[in-house]
Amino acid sequence: MLDISWGITMTLSCRFVGAILFGVASDRFGRKWPLIVNIILYGIIGISTGFCQSYVQFIVFRALYGVSMGGIYGNCASTALENAPIPARGLLSGLLQQGYVLGLIMAVIWNLVTMNSQSYGWRMAFWCGGCFPLLIALWRVFLPESQAFLCIQEERKKAAFKGITGLKVK
């Protein structure tokens, strides 16, 4: 049981690193491309976890998975909520948070159905679980950049222009 606990602990405790890294990248470069990079990393790390050959490798990949997981949540939340009507943001935030629980329940069901029916055991859950984010990253490529980020970027350009020239831009 202690072994499983460390895998979960590393995943959860490393989320803040991803939240900081990808949060800064999202504020600086936009929501779209940092999220795409983050989702691809998330998928690759998930798939790679299924290939771990030792406990130490498993713990390292769970830590990396935590970093990528932490980066996704903040970016998804800001992207989903910044254009939502203000009265609906609380409800939408709650629904977004429940996506984690729904995903966990789906993973448990998937594991119960498939684990004993194939020779790879627990690895199949990571391989399949890592493929879905790669499809989501491909889908995200075709969506536009966040409108709120584009507005902030325009304001930054105006402020920089005013700072350099002393002229006000409309």
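The values are calculated or read from the model by the stated rules, or taken from the named source; none is laboratory data. Computed from a predicted structure; not experimentally measured. Don't worry about glycine lacking a Cβ; one is built from the backbone with ideal geometry, like all the others, and counts go over all protein chains shown.
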- [ ] Residue by residue through segment 101-119, note down the ones that are modelled with pLDDT under 85 and either more than 21 Å from PRO133 (Cα to Cα) or of a type in the set (A, V, I, L, M, F, W, C) (or both).
- [x] LEU104, ALA107, VAL108, TRP110, LEU112, VAL113, MET115, ASN116, SER117, GLN118, SER119
- [ ] Please find, among LEU143, LEU92, the residue that is on the phi < 0 side of the Ramachandran plot, part of a helix (DSSP H, G or I) and under 20 Å from the mean Cα position of the chain (by Cα).
- [x] LEU92
Task: Tally of residues being among the aromatic types (Phe, Trp, Tyr) and touching a Phe, Trp or Tyr at 6+ places or on another chain (Cβ under 9 Å) across segment 1-21 - done: 1
Open item on the list: So, LEU102, is that one assigned to a helix (DSSP H, G or I), out of contact with any helix residue (DSSP H, G or I) (no Cβ under 6 Å at 6 or more places or on another chain) and of a type in the set (A, V, I, L, M) or not?
Closed with: yes
Open item on the list: Can you find, within segment 115-131, the residue that is nearest to the chain's Cα centre (by Cα) among those that are assigned to a helix (DSSP H, G or I) and surrounded by fewer than 14 Cβ atoms within 10 Å (Cβ to Cβ)?
Closed with: CYS131
TODO: For segment 85-104, indicate whether the set of residues that are surrounded by 13 or more Cβ atoms within 10 Å (Cβ to Cβ) and touching a Ser or Thr at 6+ places or on another chain (Cβ under 8 Å) is non-empty.
DONE: no
Open item on the list: Go through segment 45-59 and report how many residues are in contact (Cβ under 8 Å) with a residue 12 or more places away in the chain and either out of contact with any Asp or Glu (no Cβ under 8 Å at 6 or more places or on another chain) or surrounded by 22 or more Cβ atoms within 10 Å (Cβ to Cβ) (or both).
Closed with: 9
Open item on the list: Which pairs turn up if I take residues in segment 135-157 that are more than 10 Å from ARG31 (Cβ to Cβ) and modelled with pLDDT under 85 and look for partners that are exposed (fewer than 14 other Cβ atoms within 10 Å of the Cβ) and among the basic types (Lys, Arg) with beta carbon separation below 9 Å, at least 6 apart in sequence or on another chain?
Closed with: none
- [ ] Please verify whether segment 2-21 includes one or more residues that are more than 21 Å from LEU135 (Cα to Cα), among the acidic types (Asp, Glu) and free of Cβ contacts under 8 Å to residues at least 60 places away in the same chain.
- [x] yes
Open item on the list: Among the residues of segment 82-94, are any of a type in the set (S, T, N, Q) and in contact (Cβ under 8 Å) with a residue 24 or more places away in the chain?
Closed with: yes
TODO: Could you tell me whether ALA80 is surrounded by 11 or more Cβ atoms within 10 Å (Cβ to Cβ), at pLDDT below 85 and under 15 Å from the mean Cα position of the chain (by Cα)?
DONE: yes
Open item on the list: I'd like to check something: does segment 74-86 contain any residue that is of a type in the set (Val, Ile, Thr) and under 20 Å from ALA148 (Cα atoms)?
Closed with: yes
- [ ] Test LEU112 against the stated conditions and say whether it is surrounded by 11 or more Cβ atoms within 10 Å (Cβ to Cβ), assigned to a helix (DSSP H, G or I) and free of Cβ contacts under 8 Å to residues at least 60 places away in the same chain.
- [x] no
